[in-house]
1. So which residues in segment 90-113 are small (Gly, Ala, Ser), in a loop (DSSP other than H, G, I, E, B) and without any contact (Cβ under 8 Å) to a residue 60 or more places away in the chain, if there are any at all?
2. Under the condition of being outside any strand (DSSP E or B) and more than 18 Å from the chain's Cα centre (by Cα), which residue from segment 209-252 is modelled with the highest pLDDT?
3. Report the residue count in segment 170-197 for those that are surrounded by 16 or more Cβ atoms within 10 Å (Cβ to Cβ) and either under 26 Å from VAL113 (Cα atoms) or outside the structural domain of ALA249 (by TED's automatic domain parsing) (or both).
4. Tell me, please, whether a residue that is farther than 27 Å from GLU76 by Cα, in a loop (DSSP other than H, G, I, E, B), within 25 Å of the chain's Cα centre (by Cα) and not hydroxyl-bearing (Ser, Thr, Tyr) can be found in segment 114-136.
5. Name the residues in segment 69-93 that are buried (at least 19 other Cβ atoms within 10 Å of the Cβ), closer than 19 Å to ASP169 by Cα and of a type outside the set (Val, Ile, Thr), would you?
6. Could you look through segment 307-329, keep only residues that are of a type outside the set (Val, Ile, Thr) and exposed (fewer than 13 other Cβ atoms within 10 Å of the Cβ), and pick out the one that is modelled with the highest pLDDT?
7. For THR135, work out the one condition from (1) polar (S, T, N, Q); (2) free of Cβ contacts under 8 Å to residues at least 60 places away in the same chain; (3) outside the structural domain of TYR231 (by TED's automatic domain parsing) it doesn't fulfil.
Amino acid sequence: MNPYARAAAPLAACLASFVLAGTAHAQNGLTPLRVGQSVTGRLVESDVPVNDRGRFHAYRFSATQGQRLLVTAESEDFDTYVIVGRQVGPVLDELKTDDDGGDGTDSRMRFTVPRTGQYVLLVQAYGEDGMGAFTVGLQPAPAASTGGMQTLSLGGTEEGALADTDNEDDESGKFYDQYSFRGQEGQRVQIGMMSDEFDTYLSLGRMEDGEWQEIETDDDGGDGTNARLRYVLPSSGEYVIRATSFGEATGAYTLTLSERTASQRTSQSITAGETVESELDDDDTVLDSDNSFYETWTYQGRAGEQLRISMESDEFDTYLHIGRMVNGDWEEIATMDDGGDGTNSLLEVSLPEDGEYVIRANSYTADQTGAYTLRVDTSRDR
């Protein structure tokens with residue numbers, strides 16, 4: 001499937017309107033444009049506004065599969081908008097668009113050609129009343145000569161930079177650098193990416209049969225727009241970090257990789273009729289199944305006792321578990337996600353025998369933290 005493919009846009013009307021407007025253009029109403037060329041144009045009153053935006057000029061160009069192109073549109077008179085697509089019969093299939101990727105309201109976007117053939121480039125005013133002079137450019141983008149796989153060890157820090165010679169993601173068009181590290185099953189890793197020049201974005205994955213398989217991502221888990229990704233490795237082997245940006249940005253960054261040790265917090269006790277307040281944070285233990293944080297509370301129960309356990313939080317979706325530790329292993333008796341109001345949990349259970357029970361106060365998904373209250377009511381009081 002074409003990685004840029006979108007639903008066919010109603011821009012056939014654009015091309016038809018362009019031809020019907022009677023503007024002097026070449027074959028099919030499209031001005032020819034060559035890769036490596038920049039040309040000037042002007043949007044005037046007689047040009048036709050379309051698609052809830054403004055007037056436009058259309059160009060056609062030929063390109064070969066895999067070419068990396070840089071499309072620019074600049075104007076001091078109006079806010080530019082560019083579209084690259086393919087004409088399929090009467091329909092223009094949009095492949096990529098850009099509004100303000102350049103300086104100010106100018107447009108600038110990279111485009112990797114999905115297959116050899118003819119393409120359409122539209123330069124449009126973003127606003128319906130936009131008119132005036134513009135310059136459109138179609139230049140070869142630098143070949144990918146950097147961004148090869150680097151090695152990063154646990155505890156390591158790397159100073160890097162995203163550049164337009166890095167690898168480029170086929171789907172998003174974003175540049176990225178790659179770092180590999182070896183991890184062990186159950187390791188808790190933390191990856192940080194910081195930059196003063198762009199909004200950082202992290203992806204963690206593995207290469208399987210030469211193909212990238214993404215596992216986990218993070219955008220703003222750190223301070224401000226910095227990324228911080230925490231993950232418990234499900235198996236031993238080589239993992240790959242992709243250091244990239246939230247948008248199509250470049251610039252310097254710092255990447256860190258560290259191992260986190262689960263805190264040795266002991267279980268706290270809770271009694272019948274008691275309400276306790278606590279907080280999940282990223283130093284708590286995580287479940288192996290989904291990397292969600294939890295705290296444990298012990299309760300001395302009796303056979304046949306009916307418990308009503310409630311967990312409430314305004315900061316995350318709560319999840320309750322009750323079970324027992326048998327020879328050091330967790331044996332679950334019952335769980336409940338909701339049951340209470342909204343995303344709060346209410347768990348009702350009958351205890352099978354006398355002894356110590358363990359309540360896990362848990363978040364529903366990974367990386368959810370915050371304050372919560374826990375309460376246990378019992379049939380002893382009824």
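1. Of everything in segment 90-113, those that are small (Gly, Ala, Ser), in a loop (DSSP other than H, G, I, E, B) and without any contact (Cβ under 8 Å) to a residue 60 or more places away in the chain turn out to be GLY102, GLY104.
2. Ranking the candidates gives SER236 first.
3. Of the residues in segment 170-197, 6 are surrounded by 16 or more Cβ atoms within 10 Å (Cβ to Cβ) and either under 26 Å from VAL113 (Cα atoms) or outside the structural domain of ALA249 (by TED's automatic domain parsing) (or both).
4. Checking segment 114-136: at least one residue is farther than 27 Å from GLU76 by Cα, in a loop (DSSP other than H, G, I, E, B), within 25 Å of the chain's Cα centre (by Cα) and not hydroxyl-bearing (Ser, Thr, Tyr).
5. Hits for segment 69-93 are LEU69, GLY85.
6. If we filter segment 307-329 for residues that are of a type outside the set (Val, Ile, Thr), which is where we start, we get 307-308, 310-317, 319-321, 323-325, 327-329.
Those still in the list that are exposed (fewer than 13 other Cβ atoms within 10 Å of the Cβ) too: 314, 327-329.
Working: ASP314: 95, ASN327: 89, GLY328: 85, ASP329: 89.
Ranking the qualifying residues of segment 307-329, first place goes to ASP314.
7. (2)
This table checks each residue for (1) in a loop (DSSP other than H, G, I, E, B); (2) modelled with pLDDT of 95 or more; (3) closer than 30 Å to THR31 by Cβ.
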| position | (1), (2), (3) |
| --- | --- |
| PRO142 | yes, no, yes |
| THR146 | yes, no, no |
| GLY155 | yes, no, no |
| GLU159 | no, yes, no |
| SER172 | yes, no, yes |
| TYR179 | no, yes, no |
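The values are calculated or read from the model by the stated rules, or taken from the named source; none is laboratory data. This structure is a prediction, so every number in the text was calculated from the model and none was measured. Note that we place each Cβ from the backbone using ideal geometry, even for glycine, and neighbour counts take in every protein chain shown.
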